[in-house]
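For reference, the structure is listed below as structure tokens.
Every number in this text was worked out from the coordinates using simple rules, so none of it is lab data. Worth saying up front: this structure is predicted, and the values here are computed from it rather than measured. Neighbour counts run over all protein chains shown; Cβ positions are idealised from the backbone, glycine included.
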Amino acid sequence: MSAMEDSLRRALEGGDTRDPAFRESIYAASERALERMLETRGADEASALDQRTRLAETINRVEADFAANSYPAEPAPEVFDAPYDDAPHAPTGEAGEETRHEDGWTPGGVRTPGEVAARKPSWKVPAFAVLLALGLALLAYAITGALRGGDTAPATTGSIESDDGLPKLAWIDVFDGNDLETLSTPAGGRIEAVAKSDEREAVRISAPVGSQNEALLTIGPGTLRQIAGRQVRIEVVAGSPDGSPREFGVRCLVGQQSICDRQRFSTDMPEEAFVFDVTVPAVASNVTSLAIAPGLGAGASDVDIYSVRLRDLG
């Protein structure tokens, strides 16, 4: 699951997902937030289309899971003859505002990038939905690089407050794309720095064809002390070197023991974020690492890794 999809699903958890109008309010708020971001950043048309396509595909994928469990549609109101005016009228909402969707899309249908750009929903969106959708657009901006140009993504450091008002750990950077000393290939493979046209730093991990050899990313003892005994979210930003599909896996090792099932991911994007959660043992070995297997699929056995970071979930 991509980080964009994860964020959209978490936004939907804030309301009644059986209500098509609520789901549409989340989708519409996400689209408007993305359009504001595109306008603010001055994205070119190719980058804007790529972002709209990604969001449209994500919305369609998420909506497919919820559409079947929607509340039954209300029966159409009985129509009476109008003696003075035979012209049909669209239903209206507050202050006579038309509530029909201008682009004809309703939850359960298929959204297109063009509809994302043209959305002008008529209902009022809850404030929390706007905030969550804005976070989604900012996430898309931060992880894809398509809107960045030569800018650097803002750092996510410091702490936030949990629900009980106590400090909660924010994102911890484990790998930033250039620290080759934290990576090793004990079973064989290759690790090399790669230069990107947008000045992003990454490493390319490759394994012998037909093997499932892993590259190990060491997690330092200072980080371990912060996450031992905690549930942790792991975000890996990776991409395909040439745009063809890549399949890779990630698992967590404490000593020689795996503490999570291998997570399998696939991508054909230059840069994409993948997230999963794991519970770290209370007593963690000093030898702890993430094991990344770049060659799980039938295609090429290399993948670009841009960053890895962790977040304490409590």
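Stretching ARG225 away from ARG36 to a fully extended chain increases their span by 64.0 nm, per 0.36 nm per residue minus the current alpha-carbon distance.
Peptide packing: for 273-281, 187-195, 299-307, the average count of neighbouring Cβ atoms within 10 Å per residue gives the ranking 299-307, 273-281, 187-195, highest mean first.
Looking at the stretch 167-312, I'd like the Rg to Rh ratio, where Rg is from alpha-carbon atoms and Rh is Kirkwood's inverse mean 1/r.
Working: Rg = 14.5 Å, Rh = 15.3 Å.
That ratio is 0.95, to two decimals.
Can you give the extra length, in nm with one decimal, that the chain gains between ARG264 and LEU313 once fully stretched, where that is 0.36 nm per residue apart less the Cα-Cα distance? Write down the numbers at each step before the final one.
Values: separation 49, 0.36 × 49 = 17.64 nm, distance 2.17 nm.
Between ARG264 and LEU313, full extension yields 15.5 nm more.
If the chain linking THR112 and ASP242 were pulled fully straight, counting 0.36 nm for each residue of separation and taking away their Cα-Cα distance, it would gain 44.3 nm.
Note on ASN69 and GLU199: the model spin-label points, each 7 Å out from Cα along the C-beta direction, lie 4.6 nm apart.
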